[in-house]
1. What do the square roots of 5 times the Cα gyration tensor eigenvalues come to for region 30-112, in whole Å, largest first, as semi-axes of the equivalent ellipsoid?
2. Can you show me the helix-derived [θ] at 222 nm for the chain, built from DSSP H runs with n ≥ 4 at -39,500 (n - 2.57) apiece and divided by the number of residues, rounded to the nearest 500.
3. Pairs of Cα atoms under 8 Å, at least six residues apart: use those to get the relative contact order of region 91-151, whole percent.
4. Where both residues lie in region 2-150, what percent of DSSP beta bridges are antiparallel, nearest 5?
5. Which of the lysines could be linked to Lys2 by a straight reach, that is with a Cα gap under 24 Å, when you skip same-chain ones fewer than 8 residues away?
6. Do you know the relative contact order of the chain, to the nearest whole percent, from alpha carbon pairs under 8 angstrom that are 6+ apart?
7. Using 0.36 nm times the number of residues separating Thr136 and Asp94, minus their current alpha carbon distance, what extension gain do you get?
8. Summarise the accessible area of the chain (1.4 Å probe, protein heavy atoms) by the percent that is carbon and sulfur.
Amino acid sequence: MKELIINNAEEMMELGKKLAQQVCSGDVLLLDGDLGAGKTTFTKGLALGLGIKRNIKSPTFTLIREYRDGKLPLYHMDMYRLEETGAGDIGLDDYFNGDGVCVIEWSQFIDDELPSQYLIMHILKDENDFDKRYVTLEARGDQYQKIIDNI
Ligand SMILES: Nc1ncnc2c1ncn2[C@@H]1O[C@H](COP(=O)(O)OP(=O)(O)OP(=O)(O)O)[C@@H](O)[C@H]1O
Ligand SMILES: [Mg+2]
């Protein structure tokens, strides 16, 4: 486990860029945090770090957006809309077992479908400072512990 203090949105993007240097194909990152915590902002930084030039848009209504113009494919998922229904049979395993990096916002709504190994990042907003975030990185699986050790 690793705890970090992130002072503004730029630093959150920088953290994403750093993670991008550590991830491999097939890796799964779960982003846990309230509305506006900075999950999509982090993903934008990760995408930049992967060399993705396309603009990252929140996939709230599409559930999954795929970006294939970087050094690894990025599958950006937002499961917010599945709060009531769960994932059912939307074929998430194909993404988890695929050749890209999966980044998942609101993964708690599909927790029955998640792989057993992943890196989870918790983002907590500061009550007083609008731009400050407390980030905790937690590994489920050795390969993810290595990533955390290198951050
Ligand atoms: N330290 C910070 N880290 C990340 N975002 C920050 C920070 N400080 C301010 N912000 C701002 O907070 C907002 C975070 O929005 P973002 O879409 O990334 O959140 P989210 O967690 O993806 O929310 P949602 O659950 O609605 O998808 C952005 O407008 C960003 O500029
Ligand atoms: Mg978002």
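1. After scaling each eigenvalue by five and taking roots: 20, 15, 10 Å.
2. -7000 deg cm²/dmol
3. Value for region 91-151: 24 percent.
4. Antiparallel bridges: around 55 percent, rounded to the nearest 5.
5. Lys17, Lys18, Lys39, Lys44, Lys125, Lys132, Lys146
6. Computed over the chain, the figure is 32 percent.
7. 12.3 nm
8. Answer for the chain is 45 percent, counting heavy atoms of protein chains only.
The values are calculated or read from the model by the stated rules, or taken from the named source; none is laboratory data. Quick caveat: nothing in here was measured; it's all calculated off a predicted structure. What goes into the accessible areas is simple: the full protein's heavy atoms, side chains included, and nothing from ligands, DNA or RNA. Shrake-Rupley method; radii C 1.70, N 1.55, O 1.52, S 1.80 Å.
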